[in-house]
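One structure is given below, encoded as structure tokens.
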Amino acid sequence: LGDIVQAIHNDLVLYFDYRKYYETEVEHRRLFPILLKEVRNRWYVIGQDLDKNSLRIFPLDRILALEVVKAGKFKALKVDPETLFEHSFGIILPHEDQQIEEVILSYSAFQGKYIRSLPLHHTQEILADNEEELRVKLNIYITHDFVMELLSVGAEVSVIAPQSLADRMKEEYRKSLHRQS
């Protein structure tokens, strides 16, 4: 963390080897770091990949052989760290053409106690809170990590809107049932 913080504060570049969980080959990467973010007890460095000239996110636990070097000449991407994840659930950024969606969820009264005490997102607004349900509205990008969070509470949540999210949840449950066969 110390080397990455130093690189961020001093406009330095990170050279490192990176190993994805689903590949055996190590990749050599050059990153102009913009910020560090912690999500679910895992640290990530977000920055400009100098070879792909795009914003990339790397979990620190998969970074090997880190070296901090002076930045050469390159055109820096304009990124506002304060708003970068404003409508994201966790660490996954939306696709380029993805839109923020209004999501309405209905939680069981029991699970609703957890959602009320630890909101899913800063845009969370309570629409109904009674003995039967806690209904909330979020304005968020629907990303894989958000879907996985909803799936983690099983039947304690149902998706009211949008229909595309409800359909995606049903498909994920179908796949899970199929794997149990």
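The values are calculated or read from the model by the stated rules, or taken from the named source; none is laboratory data. All of these numbers come straight from a predicted model, not from anything done at the bench. All Cβ positions, even for glycine, are placed from backbone atoms using ideal geometry, and neighbour counts span all protein chains on display. These area figures cover heavy atoms from the full protein model, side chains too; ligands, DNA and RNA do not enter into them. Shrake-Rupley method; radii C 1.70, N 1.55, O 1.52, S 1.80 Å.
Annotations
- When a 1.4 Å probe is rolled over the protein heavy atoms, the share of accessible surface on the range 1-89 that falls to carbon and sulfur comes to 48 percent.
- Net charge of the neighbourhood of TYR18, taken over other residues with C-beta under 12 Å away and scored Lys/Arg +1, Asp/Glu -1, is -1.
- 16 Å Cα-Cα reach of LYS175 towards aspartates and glutamates, excluding residues that sit fewer than 8 places from it in its own chain: ASP167
- Sequence-distant contacts, meaning Cα pairs under 8 Å at least 6 residues apart, place the relative contact order of the range 32-162 at 22 percent.
- Accessible surface, per residue, of the range 139-181 when the full set of protein chains is kept, probe 1.4 Å, Å²: 61
- Cα-projected label distance for ASP97 with GLU23, points at 7 Å along beta-carbon direction, nm: 2.5
- Shape of the range 86-181, Cα gyration tensor, a/c cut at 1.5: oblate
- Exposure ranking of VAL153, VAL45 by accessible area [1.4 Å probe, largest first]: VAL153, VAL45
- Largest GNM mean-square fluctuation across THR83, THR24, THR143, computed for the chain with C-alpha springs under 10 Å, falls on THR24.
- Per residue, the solvent-accessible area of the range 50-106 (1.4 Å probe, heavy atoms of protein chains only, all protein chains present) comes to 68 Å².
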